Amino acid sequence: MKEKKFPLRLVLWLVIGAALAASLLWLARPQDTAGHLTAVISVDGQTVRTLDLTTAKDQEFSILDETGLPITFQVRDHAIRFLSSDCPDKICVNTGFLRGDLDVASCLPNRTSLFVTAE
C-alpha cells in the first residue's frame with residue numbers, strides 16, 4: 001500500500017497564512033491606555049523630562065536648555081511627538097504621535113529617545 005505524501009506547497013501556504021493571521025491580530029490589538037500615560041524623554045540614557053500625558057495640556061516645548069540639543073516636542077490630544085530636530089534624516093519627526101503603552105521614537109544622531117508607558 002502506498003502512503004500519501006502531504007504536499008510541501010500546502011504546508012508552505014499554511015505557514016504563510018498562520019504568520020499573516022498572527023501579524024494582523026498583533027496589529028489590531030487594542031492599545032492599553034488604562035491608567036496614566038507617561039512620556040519619558042531621555043538623552044544618553046538619562047531621563048531629561050517626564051510628562052503625564054493623561055493630564056497634559058496641548059503644548060510645544062524644547063529640551064535645548066536642559067541638554068543643549070535643539071529638539072522640540074509637541075503634545076496634542078494626550079499624545080506626544082518629536083516636532084523638530086536638527087538631525088539629517090528626520091526619522092524621529094516622521095514617526096508621528098505616540099499615544100499608546102510602549103510606543104517609542106528615537107533620534108539616534110542626538111541620542112534622544114521618547115518612550116510612552118501606561119501605569
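The values are calculated or read from the model by the stated rules, or taken from the named source; none is laboratory data. Note that the structure is predicted; figures quoted are calculated from it, not measured. Positions of Cβ are generated from backbone atoms using ideal geometry, with glycine treated the same way; all protein chains shown enter the neighbour counts.
Computed values, structure above
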| quantity | calculated |
| --- | --- |
| Qualifying residue in segment 14-21 (condition: modelled with pLDDT of 95 or more and β-branched (Val, Ile, Thr)) | no |
| Only one of ARG76, ARG99, ARG111 that is at positive phi, out of contact with any helix residue (DSSP H, G or I) (no Cβ under 8 Å at 6 or more places or on another chain) and among the basic types (Lys, Arg) | ARG111 |
| Residues located in segment 52-81, provided they are of a type outside the set (S, T, N, Q) and part of a strand (DSSP E or B) | ASP52, GLU60, PHE61, PHE73, VAL75, ARG76, ALA79, ILE80, ARG81 |
| Selection count, segment 67-90, where residues are among the aliphatic types (A, V, I, L, M) and within 12 Å of the chain's Cα centre (by Cα) | 2 |
| Subset of segment 103-119 [surrounded by fewer than 17 Cβ atoms within 10 Å (Cβ to Cβ) and assigned to a loop (DSSP other than H, G, I, E, B)] | LEU108, PRO109, ARG111, GLU119 |
| Residues of segment 82-102 satisfying the condition of being assigned to a strand (DSSP E or B) and within 16 Å of SER42 (Cβ to Cβ) | PHE82, LEU98 |
| Close pairs from segment 89-102: first surrounded by 15 or more Cβ atoms within 10 Å (Cβ to Cβ), partner of a type in the set (D, E, K, R), Cβ under 6 Å, at least 6 apart | PHE97/ARG81; ASP101/ASP32 |
